[in-house]
Amino acid sequence: MKEMMIFLQKPLQPIWQWNHLPVNDKWSLTKGAFRLNTLPAKNFMYAKNTLTQRIIGPESSAAVQLDVKKLKVGDVAGLGLLNVPYYWIGVAKTDKGLVIRSYDLVNNKTLKEPLKQTKVFLRGFGDFDKDLATLSYSTDGINFKELGTELRLAYQMKTFQGVRFALFAFNTEGKNGGYADFDNFKIDELLSDRSKNSPIGKIMTFTNLANNQLFWNSPRSIIRSANTGSKDFDIKTCQFKILDKGNGKITLDAVDGSGFLTVSGIGLSGDLRTQKTENEGSLFLWQDMLKNQCMLLSLKTNRFVGVNVLTGEPYSAD
């Protein structure tokens, strides 16, 4: 999903939050752009009128168009990843002209490159399962160049907020400066389209992420972790066709012909089996975990299918 948030509406929409109480006469919405007048601050964390919104997991990016023709010497404006530690990428006005600049708080490292134009595009990307992010810029809005390496994110007990995308502008020389205009802010939620994750009608195998072993229908029709070296092993005994039963319910039909995956008994170890006919124990809810991962909830026991990988016991739904 891509969502563009052009700054046309007054007041700002609730998805936005200020990092500090705003200085209201130092920001405005002007011709569809968000204008920030720079105020003195010793660094990004102390910058006033920083406008933020929460990131979207597990992966998302934010991009914004930045016009810096009215910056004054000592001004910095850009896009930040607000947290502790924080990171940002932006444009700085020096006595020698404009530069693209990025800052990495963890390594206390600043990178910079010359900039020959007053309009630039900034982007921040985060994989929040891995807690990694990158910052990049573009002069044409199409081709982006990363400035710096992957950045280590954190969720800690200082700010209680996780990472926020942040639009900022401040002056490093202890005075009021010029202003920057932000426009065409876009959020791209990279994994929002889950239609391709639907398993209906597919023949699938399942690998347990705890032990990297296949989900195996053993010769006794009891579901175990696969022993691929066994004389009884056949890849078909690990394959199931996913059948739609409506309202999110599914059954799993074993390709080896032994029947339907079924929770028998009360779902204890060894109670997950294949049976020739469907019954209430054959209904499951497929929980999509993204990135080709899932969980199976038994609608008989209201417990997830699982296995104790330390004991080697058969699967259960207890």
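The values are calculated or read from the model by the stated rules, or taken from the named source; none is laboratory data. All figures in this text were calculated on a predicted structure; none of them were measured in a lab. Counting neighbours? That spans all protein chains shown, and the Cβs are built from the backbone with ideal geometry, glycine included. Ligands, DNA and RNA are stripped out before the accessible areas are found, and what is left, the full protein with its side chains, is counted by its heavy atoms. Shrake-Rupley method; radii C 1.70, N 1.55, O 1.52, S 1.80 Å.
For region 262-273, the set of residues classified as assigned to a strand (DSSP E or B) and without any contact (Cβ under 8 Å) to a residue 40 or more places away in the chain consists of Thr262 only.
Just to be sure, is Phe170 at pLDDT 95 or above, closer than 19 Å to Asp129 by Cβ and not in a loop (DSSP other than H, G, I, E, B)?
Numbers: at pLDDT 95 or above: yes; closer than 19 Å to Asp129 by Cβ: no; not in a loop (DSSP other than H, G, I, E, B): yes.
Answer is no for this residue.
Among the conditions (1) touching a residue at least 24 places away in the same chain (Cβ under 8 Å); (2) open to solvent by less than 40 Å² (accessible area, probe 1.4 Å), the only one that Leu132 does not satisfy is (1).
Sub-8 Å Cβ pairs linking a first residue in region 230-248 that is in a loop (DSSP other than H, G, I, E, B) to a second residue that is loosely packed, with under 14 Cβ neighbours inside 10 Å and of a type in the set (Val, Ile, Thr), at least 6 apart or interchain, are Gln239/Ile203, ordered by first then second residue. Taking the criterion of being farther than 21 Å from Asn176 by Cα and open to solvent by less than 30 Å² (accessible area, probe 1.4 Å), the residues of region 53-84 that qualify are Gln53, Pro58, Ser60, Ser61, Ala62, Ala63, Val64, Leu81, Leu82, Asn83. Filtering region 14-24 to residues that are open to solvent by 80 Å² or more (accessible area, probe 1.4 Å) and either in contact (Cβ under 8 Å) with a residue 12 or more places away in the chain or within 29 Å of the chain's Cα centre (by Cα) (or both) leaves Pro14, Leu21. Hey, could you check region 238-256 for residues that are of a type in the set (S, T, N, Q) and either in contact with a His (Cβ under 7 Å, 6 or more places away or on another chain) or modelled with pLDDT of 95 or more (or both) and say which is most open to solvent (accessible area, probe 1.4 Å)? Top of the filtered list is Gln239. Among the criteria (1) open to solvent by 70 Å² or more (accessible area, probe 1.4 Å); (2) over 21 Å from Lys236 (Cα atoms); (3) without any contact (Cβ under 8 Å) to a residue 24 or more places away in the chain, the one Leu297 does not fulfil is (1).
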